[in-house]
Amino acid sequence: MLIDSHCHLNFKAYKDDLSEVIGRCHQAGMKVINVGAAFDTSQKALEIAHDNDGMYAALGLHPIHVYDEEFEIKKYQDLINNNQSQVVAMGETGFDFWHLQESLDKGAGSIEEIKQKQEKVFRAHIQLAQDNDLALVIHGRNHKDDPSLNAYDHIYRVLKDSGAKRAVIHCYGGNISQAKEFVKLGFYLGFTGIVTFDKTGILEEIVKWIPTDKMLIETDAPYLSPEPHRGKRNEPVYVRHVAEKIAMIKGMSVDEVIAITGDNANELFNLK
Ligand SMILES: [Zn+2]
């Protein structure tokens, strides 16, 4: 079944036509996981899940927002307790060094302090996921030119050391040897519309290599619209274009890719 394993219908980009966008999801017979990036968007993801069939929520504070608000474990635990059948994961959480300069400009502290703050919040998400038997949705983004600020190395270190079991590294942007290490630990990798236009060949190599039981597809809508919708707002039904490209790369049929990635998402997130 077609599942968009990561998107943000809970963001402002959909405030004017949310019900139309969800209507198109229902028409496509798909399931959708809306991912929180702060407390308010986590609540909104829950609201959407309550009001609509086939919609689920991940709750979390994105690493670029850890300086905008505190991650209060108790508040998130209350959300989980009160919305048992809607919450399927914690996240998105992880490390983001791409936006480091903005955090430095905000006076968030030294690079070392920023790293530590992101790690502390990441570990709190892992704890909540483990306490409540939920999956983890992980975000990573490397610094644009400093190789010592590699988000995926830090994600790997923290996940391994915490003994986390159920996780997807969403919008995977690491290299292939890191991909192999994540899969070895049993984690899934999520692929977005970037596979439809990436010119580096790196993603294609990873998609070609990845065992089919470890791949997920996603839009990360409203961002990252796939071909042929680039430059416009993204939405969950476009995840089909990601499936088509993966099918091409792996020499599989589109239906097979949709079926397998759907099974994988059902399994990871325990979707009902
Ligand atoms: Zn996202």
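If a residue must be part of a helix (DSSP H, G or I) and crowded, with 17+ Cβ neighbours inside 10 Å, how many such residues does the stretch 19-42 contain?
Residues of the stretch 19-42 that are part of a helix (DSSP H, G or I), as a first pass: 19-27, 39-42.
Those still in the list that are crowded, with 17+ Cβ neighbours inside 10 Å too: 21-22, 25, 39, 41-42.
Result for the stretch 19-42: 6.
Does any residue in the stretch 131-145 that is within 17 Å of Q101 (Cβ to Cβ) come within less than 9 Å, Cβ to Cβ, of a residue that is β-branched (V, I, T) and within 11 Å of the ligand (Cβ to nearest atom) six or more places away or on a different chain, and which pairs are these?
That search, which allows pairs on different chains as well, returns R141/I64.
List the pairs whose first member sits in the stretch 24-45 and is within 9 Å of G60 (Cα to Cα), whose second member is among the charged types (D, E, K, R) and not in a loop (DSSP other than H, G, I, E, B), and whose Cβ atoms are under 7 Å apart, counting only residues at least 6 apart or on separate chains?
Qualifying pairs under 7 Å: V35/E92; A37/E92; F39/K75.
Determine the pairs where a residue that is within 12 Å of A45 (Cβ to Cβ) and assigned to a helix (DSSP H, G or I), located within the stretch 75-93, has a partner that is open to solvent by 40 Å² or more (accessible area, probe 1.4 Å) and of a type in the set (S, T, N, Q) with Cβ atoms under 9 Å apart, the partner being 6 or more residues away or on another chain.
L79/Q43
Quickly run through the stretch 161-173 and pick out the residues that are within 16 Å of the ligand (Cβ to nearest atom) and of a type outside the set (A, V, I, L, M, F, W, C).
Across the stretch 161-173, the qualifying residues are H170, Y172, G173.
In contact (Cβ under 8 Å) with a residue 24 or more places away in the chain and over 23 Å from S85 (Cβ atoms): which single residue out of L128, L149 fits that description?
Among L128, L149, only L149 is in contact (Cβ under 8 Å) with a residue 24 or more places away in the chain and over 23 Å from S85 (Cβ atoms).
Tally the residues that are at positive phi and within 16 Å of the ligand (Cβ to nearest atom), restricting the search to the stretch 90-117.
Start the filter on the stretch 90-117 by keeping residues that are at positive phi, which leaves 91, 94, 107, 109.
Cutting the leftovers down to within 16 Å of the ligand (Cβ to nearest atom) gives us 91, 94.
Qualifying residue count for the region: 2.
All but one of (1) farther than 15 Å from T261 by Cβ; (2) within 16 Å of the ligand (Cβ to nearest atom) hold for H229; which doesn't?
With (1) farther than 15 Å from T261 by Cβ; (2) within 16 Å of the ligand (Cβ to nearest atom) applied to H229, the lone miss is (2).
Please go through (1) within 16 Å of the ligand (Cβ to nearest atom); (2) open to solvent by 10 Å² or more (accessible area, probe 1.4 Å) for K184 and return the number of the only condition it doesn't satisfy.
Single failed check for K184: (1).
Is the stretch 254-266 home to any residue that is modelled with pLDDT of 95 or more, part of a loop (DSSP other than H, G, I, E, B) and surrounded by fewer than 20 Cβ atoms within 10 Å (Cβ to Cβ)? Working first, answer last.
Kept after step one, since they are modelled with pLDDT of 95 or more, are these residues of the stretch 254-266: 254-266.
Those left that are additionally part of a loop (DSSP other than H, G, I, E, B): none.
No: the stretch 254-266 contains no residue that is modelled with pLDDT of 95 or more, part of a loop (DSSP other than H, G, I, E, B) and surrounded by fewer than 20 Cβ atoms within 10 Å (Cβ to Cβ).
Identify, from the list D153, D220, the residue that is at pLDDT 95 or above and either open to solvent by 30 Å² or more (accessible area, probe 1.4 Å) or of a type in the set (V, I, T) (or both).
None of the other options fit; the residue is D153.
Tally the residues that are farther than 21 Å from D145 by Cβ and in contact (Cβ under 8 Å) with a residue 12 or more places away in the chain, restricting the search to the stretch 107-119.
Total meeting the criteria: 2.
Can you pull out the residues in the stretch 50-89 that are within 16 Å of the ligand (Cβ to nearest atom), over 19 Å from Q116 (Cα atoms) and of a type in the set (A, V, I, L, M)?
M55, A57, A58, L59, V88, A89
Run down H154, H139, H125, H143 and say which single residue is assigned to a loop (DSSP other than H, G, I, E, B) and not polar (S, T, N, Q).
Values: H154 fails: assigned to a loop (DSSP other than H, G, I, E, B); H139 fails: assigned to a loop (DSSP other than H, G, I, E, B); H125 fails: assigned to a loop (DSSP other than H, G, I, E, B).
On inspection, the qualifying residue turns out to be H143.
Go through the residues of the stretch 215-227 one by one and say whether even a single one is in contact with a Gly (Cβ under 9 Å, 6 or more places away or on another chain) and on the phi > 0 side of the Ramachandran plot.
Yes, the conditions are met somewhere in the stretch 215-227.
Could you tell me whether D16 is farther than 22 Å from G190 by Cβ, over 18 Å from the mean Cα position of the chain (by Cα), in contact (Cβ under 8 Å) with a residue 12 or more places away in the chain and away from the ligand (no atom under 12 Å from the Cβ)? Break it down into steps so the answer makes sense when it comes.
Working: farther than 22 Å from G190 by Cβ: yes; over 18 Å from the mean Cα position of the chain (by Cα): yes; in contact (Cβ under 8 Å) with a residue 12 or more places away in the chain: no; away from the ligand (no atom under 12 Å from the Cβ): yes.
Taking the combined requirement at face value, the residue does not satisfy it.
Scan D78, D96 and give me the residue that is modelled with pLDDT of 95 or more and surrounded by fewer than 21 Cβ atoms within 10 Å (Cβ to Cβ). Give the steps one after another, and end with the answer.
Numbers: D96 fails: surrounded by fewer than 21 Cβ atoms within 10 Å (Cβ to Cβ).
From the options D78, D96, the qualifying one is D78.
The values are calculated or read from the model by the stated rules, or taken from the named source; none is laboratory data. Note that the coordinates shown come from a computational prediction; the quantities given were computed from them, not determined experimentally. Backbone-built Cβ (ideal geometry, glycine too); neighbour counts: all protein chains shown. For accessibility, only protein heavy atoms count, side chains too; no ligands or nucleic acids. Shrake-Rupley method; radii C 1.70, N 1.55, O 1.52, S 1.80 Å.
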